[in-house]
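Heads up, the thing below is written out as structure tokens.
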Amino acid sequence: MKVSNFSENQIIKALKENEQGRSVSEISRELGIDKSTFYYWRKKYGGMENWS
């Protein structure tokens with residue numbers, strides 16, 4: 001399995017930005033990831049916002 005180039009904190013930060021109104025397209029383009037990767041992160045890390 002490939003190791004992520006992003007830490008959990010970076011992923012959670014991106015998810016929070018999306019919740020605050022930034023579009024998935026904009027965040028994905030900035031991070032250099034595919035939209036499907038962002039949606040996977042949201043599925044996997046969606047409940048972890050309170051951990052950071």
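Secondary-structure-derived ellipticity at 222 nm for the chain, considering helices only, amounts to -17500 deg cm²/dmol, per-run term -39500 (n - 2.57) for DSSP H runs with n ≥ 4. Summary value for the chain: 43 percent relative contact order, contacts being C-alpha pairs under 8 angstrom separated by 6+ residues. Given the chain, what whole percent of its Cα pairs are spread farther than 13 Å? When all Cα pairs of the chain are counted, 56 percent exceed 13 Å.
Values in this text are rule-based calculations from the coordinates and carry no lab data. These numbers come from a predicted model, not from an experiment.
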